[in-house]
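Below is one structure; the comments refer to it alone.
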Amino acid sequence: MSTTFSSNSAAARLLVAALLLCACTPGRAGMFGKNQPVPQWGMDAYKTRTPDYDKDAAAVILYDEYVETVDAQGHAVEREREAVRILKPQGRGAGECGVGYDVDEKINYFRAWTIAADEKQYQAQDTDFIEAGETGVPVMLSTYKSRVAHPPAVDVGATVICESEEVMKPYFQEKLWVFQSRIPVVYQALEIDLPSGRAHSQAWHNFKAVQPVEVAPNRWRWELKDTPALILRDVPSRPEWVALAARMSVQWGDAAVDGTDNQWRSIGQWFTTLEANRPDPSPEITAQTQSLIAGAPDFYSRLSRITDFIQKNIRYFIVERGIGGHRANFATDIFRNKYGDCKDKTTLLISMLQVAGIHGYYLAVDDRRGFVDPETPSVFGNHMITAIEVPADVQDPRLMAIVKGKDGKRYLIFDPTNERTPVGNLPNYLQGSYGSLAAGASSQVIALPVLPPAANGTERTGTFTLDPSGTLTGSVDTSHSGPEGADLRMFLKYSDEKERREYWETSIARDVPGVVLNSFQFVQPVALDKPLEFHYKLTAGQYAHTAGPLLLVRPRVVGSDVLPFDDKPRTVPIDLNATGRWHDSFDITLPAGYVVDETPDPIDVDVDFATYHSTVTAKDNKLHYERDYVVRQVQIPADKAVAFRKLESAILSDEKGTAVLKRQ
């Protein structure tokens, strides 16, 4: 099963990437192996005692084995054997088996059995298998198919046994073995049977390396026992599951060389060869580009005119078949059709940059921060973006997303699929990650930048009036820049007036219960590097509460920035989502006859990854609230959990802080 490079944009994931690419190959007669007894390996797995450590698990994998048989051309046939025991009703879903396949793949056979709790044996028949296509992404036409088995009699105490064999994609010479699951695994193995003289390399992610045993000449086997489940459902502010799950990558092609840098170079060269000549500009592309950059006074002007054209004129749409999940269409076709997926948009961008005398390169990434590991070379990822070479003499503060490669060149990282983030900035989901730069002999793994707080955030001002009954009325003016502004732009693109009102009333009501949104207006500049403005007016009855002759009022009227946190021991990193600066300034005019008797204490927290400062003051007949929140990192290690809790507790205290008003 392979991932394909089809991106998801920002806008709170309104566009979702196609992560898996396969296609339909009709099953052969006898694929399901009717009326065959449970194989001996399955019976042996069934006899495995459920370990004591699995008493709280809903299911447990008793046995899971992959055998990759590689021929002289590097093409692999994969056999998988798996046995799963259902321990609780909610574990029934673990009894499903599935095989994904493509136009370039073929399922030789796929069989499934159940040994029920009463030891009766059942074999899945044709009607127990279904075929599912890739239909969950509305902007994609894909040949991906999955054959899924729903074996009979799957209930508590049953053991499900599945076996399949599949001819794998001929252009992949890597096995990505994700051996950690959401349920425990008692025993698992990976075996690679290679032709004589063919080398292999291995790389481990979040797991201590295990050396294989050579069970036959150039046949290597890795075995693992008692792998714990990775359960993250109750872990707040955490990285993506796939970024934390333990895995191993085995290479047997050109990337099977010594040295991590050499492996990444080989992977980048594979992409370079795969996309060779795809970006070649046609006369039409050349004419369009020359028209765009005519009169451009500097590097940024030329670059931004081209990227703006790609973002606004090339619609994001995916049509994939076989290797088309990895190889782009030709720039000529993309330009003519005016649509494409992430690698297509990158291809057309590279083509137009070439006309403008600017070098652009493919950069394979994954939008799940932490999945691409610089110590684990792999072709697998779910997105393709662009690395743009910036000349040494260009020093433009608008080009913030620049990193320096190992070759000494400066690369501007840009996602052409993201329609609302201007060139020079970078979406939050890519910051702090890594990517595979495809630049021929200069190919390398490259760190994606974490942008300074000034590149993202919100300026919010509010003017309110409080009446003696406790009703608050007022207006709020906000200015959203960087990725935060880009997300709002995407929200506006994919919503109507009714949806926007409902969304914002619900959002504001989390801070101000009973709020009524009287009016709202978005001001969206044409230029993507300009902030998006949002202005609204509100009324909230009983905002202030009476306590005898006193009125209790919360100076922090709108906006909430507390990330989920708890007091449990922390073992995984803390994901802060985005760097940025959020500044608020609110004035509340007091009701006639009232003065401020007491204000919340100032908040002043400074940790290395963030700062938070707020004050509440009173002058004349107004209550003034001011706060400044700055986040400098997108992810922090688990050992900073104490500092993180200190920060979040301070923010929560500030947001709930109450001022006391009394009658004069």
Problem set entry | Test set (1) in contact (Cβ under 8 Å) with a residue 24 or more places away in the chain; (2) surrounded by fewer than 23 Cβ atoms within 10 Å (Cβ to Cβ) - Asp393 fails condition number | (1)
Problem set entry | Single residue of segment 223-276 satisfying the filter (among the charged types (D, E, K, R) and open to solvent by less than 30 Å² (accessible area, probe 1.4 Å)) that is farthest from the chain's Cα centre (by Cα) | Glu275
Exercise. Do any strands (runs of 3 or more DSSP E) entirely within segment 535-653 hold 2 or more residues that are on the phi < 0 side of the Ramachandran plot and touching a helix residue (DSSP H, G or I) at 6+ places or on another chain (Cβ under 8 Å), and if so, which?
Worked result: 603-607, 610-619, 622-631
Exercise. Are any residues in segment 620-664 basic (Lys, Arg) and crowded, with 17+ Cβ neighbours inside 10 Å, and if so, which ones?
Worked result: Arg627, Arg632, Lys640
Exercise. Of all residues in segment 396-411, which are small (Gly, Ala, Ser) and under 21 Å from Asp298 (Cβ atoms)?
Worked result: Ala401
Exercise. Considering only segment 475-507, how many residues are in a loop (DSSP other than H, G, I, E, B) and among the hydroxyl-bearing types (Ser, Thr, Tyr)?
Worked result: 2
Exercise. Out of curiosity, is Thr417 crowded, with 24+ Cβ neighbours inside 10 Å and not hydrophobic (A, V, I, L, M, F, W, C)?
Worked result: yes
Exercise. Does at least one position in segment 327-337 carry a residue that is farther than 18 Å from Asp280 by Cβ and touching a residue at least 24 places away in the same chain (Cβ under 8 Å)?
Worked result: no
For this session: Could you tell me which numbered condition Leu590 fails, if it satisfies all but one of (1) open to solvent by 20 Å² or more (accessible area, probe 1.4 Å); (2) at pLDDT 95 or above; (3) within 25 Å of Lys662 (Cβ to Cβ)?
Result: (1)
Problem set entry | Selection from segment 109-160 of residues that are among the polar types (S, T, N, Q) and loosely packed, with under 15 Cβ neighbours inside 10 Å | Gln125, Thr127, Thr135
Exercise. Listed residues Lys530, Lys537; which is in contact (Cβ under 8 Å) with a residue 60 or more places away in the chain, of a type in the set (Lys, Arg) and either within 29 Å of Arg369 (Cα to Cα) or surrounded by fewer than 16 Cβ atoms within 10 Å (Cβ to Cβ) (or both)?
Worked result: Lys537
Exercise. Taking segment 148-177, which residues are touching a Gly at 6+ places or on another chain (Cβ under 6 Å) and assigned to a strand (DSSP E or B)?
Worked result: Val148, Val160, Ile161
Exercise. Across segment 506-520, what is the total count of residues that are farther than 23 Å from Pro531 by Cβ and of a type in the set (D, E, K, R)?
Worked result: 1
Exercise. Taking Ser164, is it modelled with pLDDT under 95 and open to solvent by less than 40 Å² (accessible area, probe 1.4 Å)?
Worked result: no
For this session: Determine, yes or no, whether Tyr411 is over 14 Å from Trp264 (Cβ atoms) and open to solvent by less than 10 Å² (accessible area, probe 1.4 Å).
Result: yes
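The values are calculated or read from the model by the stated rules, or taken from the named source; none is laboratory data. Here the structure is a predicted model, which means the values were calculated and not measured. Glycine also receives a Cβ, built like all others from the backbone with ideal geometry; neighbour counts cover every protein chain displayed. Each accessible area value is taken on the protein alone, full model and side chains, heavy atoms only, with ligands, DNA and RNA left out. Shrake-Rupley method; radii C 1.70, N 1.55, O 1.52, S 1.80 Å.
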